[in-house]
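Chemist: Take this structure, written in structure tokens, and hold onto it; I'll ask about it next.
The values are calculated or read from the model by the stated rules, or taken from the named source; none is laboratory data. Note that the structure is a prediction, hence the values are computed from the model and not measured. Counting neighbours? That spans all protein chains shown, and the Cβs are built from the backbone with ideal geometry, glycine included. Just the protein is used for accessible areas: all its heavy atoms, side chains included, with ligands, DNA and RNA removed. Shrake-Rupley method; radii C 1.70, N 1.55, O 1.52, S 1.80 Å.
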Amino acid sequence: MKLRLMLAIVSSLFFVAAQAGEVTVAVAANFTAPMQKIAQAFEQDTGHKAQLAFGATGKFYAQIKNGAPFDVLLAADDETPARLEKEGLAVAGSRLTYATGRLALWSKSSSLVDDQGDVLRGNRFEKLGIHKIALADPKLAPYGAAAMEVMTHLGVWPAVKTKLVQGESIGQTYQFVSTENAQLGFVALSQISFDGRITQGSAWVVPQSMHTPLKQDAVLLNAGKDNAAAIALLKYLQADKAKTIIRQYGYAL
């Protein structure tokens, strides 16, 4: 009986290995931490491996247009996947919303940012020692575009524009602030919080009414249309385990 059981287990493992595949995924930088966890769970549960690349949505769009062999795009907006579908570079009908992001104004200092964002008002930057304010490039990153909307909404653009430094992606923007090369920065809430708590420094979670909703869509690209692992990943993003991880990082579903 023991021999039969061992043979059955070995046979099952060989079957899983034979069925397992690999998917190459372009992931918006704001979704780095949750996607790393999801990829681990995805491999454990399905046997499929996800190769992840992180960066700005706009940059990924340009790379896909130029033939980059990504199977799946997890964008920071819903416009880019829709555009790729329209241009025939993604599989029609494969789009899905996997998360809605939140923007935050963050400082490494535990006392600099209040919970209303008043640190941006009153032109007190010199007094507070604020010399640089980071945001992601609005032309490449939806979170950067949202940050621009917020500053315009608050009427602080004339005061802050000379202090702005741009990161290529929200990941680079986070690095500017975490290394204190910028005293303030607009980052993704997912980069600085877990289970509803800010993990370091001080932050203002920007009301969603101040900017265009950060609805984030995924899409199956043409390179992945016959890839079982790519199709499985899109399904997995809608599973309870993935949704739990996504919520832990402050995203809405």
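Chemist: So how far, in whole Å, is the C-alpha centre of segment 82-139 from the one of segment 211-247?
Modeler: Value for the Cα centre distance between the two parts: 22 Å.
Chemist: May I have the count of lysine pairs in segment 45-140 with C-alpha atoms under 22 Å apart, counting pairs 8 or more residues apart or located on different chains?
Modeler: 7
Chemist: Moving to a separate point now. Considering amide H positions built from the backbone, and no H for Pro or chain starts, which residues 5 or more places from F194, or on another chain, come under 5 Å of its amide H?
Modeler: Distant-sequence amide H within range of F194: T199.
Chemist: Return the Rg/Rh ratio of segment 108-253 with Cα-based radii and a Kirkwood Rh.
Modeler: Result for segment 108-253 is an Rg/Rh of 1.03.
Chemist: Compute the accessible area per residue over segment 109-165, keeping the other protein chains in place, probe 1.4 Å, unit Å².
Modeler: Averaged over the residues of segment 109-165, the accessible area is 52 Å².
Chemist: Test of understanding: extend the Cα→C-beta vector of K235 to 7 Å, then name every residue of segment 185-220 with backbone N under 11 Å from that spot.
Modeler: Under cut-off, by backbone N: nothing.
Chemist: Using label points projected 7 Å from each Cα along Cα→Cβ, tell me how many nm separate A159 and A62, to one decimal.
Modeler: Result: 3.4 nm between the two label points.
Chemist: Right, something else. Whose amide H sits under 5 Å from the amide H of V91, counting only residues 5 or more places off or on another chain, with H placed in the peptide plane?
Modeler: Long-range HN contacts for V91: L220, L221, N222.
Chemist: Please work out the FRET efficiency for the pair R247 and A41, using the Cβ-Cβ distance as r and a Förster radius of 22 Å; give the result to the nearest 0.05.
Modeler: E between R247 and A41, to the nearest 0.05, is 0.95.
Chemist: Along the three principal axes, how long is segment 213-253 when you take its alpha carbons, biggest first, rounded to the nearest angstrom?
Modeler: So the three principal-axis extents are 32, 24, 11 Å.
Chemist: At R197 and A53, where each label point lies 7 Å from the Cα along Cα→Cβ, what is the point-to-point distance in nanometres?
Modeler: Roughly 3.7 nm, to one decimal.
Chemist: Let me know the whole percent of all Cα-Cα pairs from segment 68-148 that are separated by more than 17 Å.
Modeler: Tail of P(r) above 17 Å: 61 percent of Cα pairs.
Chemist: Two-decimal Rg/Rh of the chain from alpha-carbon positions, Kirkwood Rh?
Modeler: Radius of gyration over Kirkwood radius for the chain works out to 1.07.
Chemist: Then there's this: Give a residue-ordered list of calculated ³J(HN,Hα) values for segment 98-115 (Karplus: 6.51 cos²θ - 1.76 cosθ + 1.60, θ = phi - 60°; whole Hz; x for Gly, Pro).
Modeler: Calculated HN-Hα couplings, in order: 9, 5, 10, x, 10, 9, 9, 9, 10, 9, 5, 6, 6, 10, 7, 9, 8, 7 Hz.
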